[in-house]
Amino acid sequence: MDAESEHCKEVYCRFGLAMYEAQVLEHGIVNALVIVDLIPERRHLARSRAEWEKDFDEFMGQHFKHTMGRLLRDLGSVTKLPPDLNDLLTRALEKRNWLAHEFFRERATQFVTAKGRDQMLSEVDECAALFRAADEALVNVTEPLRTKQGITNEMLEKSLQAILAQSPT
């Protein structure tokens, strides 16, 4: 393999990482919807744990079908976000859509040179950092609400450990 081929692979790899970070953010938005909408509005309506689990799974499944833009509109319809977080999420949405729909098409001529690929790497790294920052800011805003709902960090850690214990090695 020559250096140019490895450089091309690096662009694809880091693009994939940026899109992964965008999907983590999308999942975080759905989690925020659970905290600010599902739990306070519907948990008390469930007559059993099985009914609550069914409602929860349906809620998550339905929202996972939505685009990131739709998720942000859904979130905005049930809670008022701090303006700085709203701006950050809007920028993240714009960058996510640009990456998914335009990045490689717009950068086709840059992709054929090392300098162009270096610029592309810088851009995807900036996008990944933006998505991580937006997700972290969303978590920081929703964490007190989550804790108020009775979902502690210890509970989350215990759930994670249970999932990891069931995962194949």
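The values are calculated or read from the model by the stated rules, or taken from the named source; none is laboratory data. Just so we're clear, the structure is a prediction, and the values are computed from it rather than from any experiment. Cβ atoms come from the backbone with ideal geometry, glycine included; neighbour counts cover every protein chain shown. With ligands, DNA and RNA removed, areas are computed over all heavy atoms of the protein, side chains included. Shrake-Rupley method; radii C 1.70, N 1.55, O 1.52, S 1.80 Å.
Quick one: which helices (runs of 4 or more DSSP H) sit completely within segment 31-92 and have at least 3 residues that are under 14 Å from the mean Cα position of the chain (by Cα)? Can you show your working first?
Numbers: elements: 39-42, 49-64, 68-78.
The qualifying helices (runs of 4 or more DSSP H) are 49-64, 68-78.
May I ask you to say which residue of L93, L156, L121, L88 is farther than 29 Å from S5 by Cβ, touching a residue at least 40 places away in the same chain (Cβ under 8 Å) and either touching a strand residue (DSSP E or B) at 6+ places or on another chain (Cβ under 7 Å) or surrounded by 11 or more Cβ atoms within 10 Å (Cβ to Cβ) (or both)?
On the way: L93 fails: touching a residue at least 40 places away in the same chain (Cβ under 8 Å); L156 fails: touching a residue at least 40 places away in the same chain (Cβ under 8 Å); L121 fails: farther than 29 Å from S5 by Cβ.
Unique residue meeting the criteria: L88.
Failed condition for A133, given (1) open to solvent by less than 50 Å² (accessible area, probe 1.4 Å); (2) within 21 Å of R43 (Cβ to Cβ), with all others met?
Failed condition: (2).
Exactly one condition in (1) surrounded by 15 or more Cβ atoms within 10 Å (Cβ to Cβ); (2) more than 18 Å from the chain's Cα centre (by Cα) is false for L99; which is it?
(2)
For segment 136-153: of the residues being of a type in the set (A, V, I, L, M, F, W, C) and within 18 Å of R91 (Cα to Cα), which is surrounded by the fewest Cβ atoms within 10 Å (Cβ to Cβ)?
V139
Is there a residue being surrounded by 11 or more Cβ atoms within 10 Å (Cβ to Cβ), polar (S, T, N, Q) and touching a residue at least 40 places away in the same chain (Cβ under 8 Å) anywhere in segment 60-78?
no
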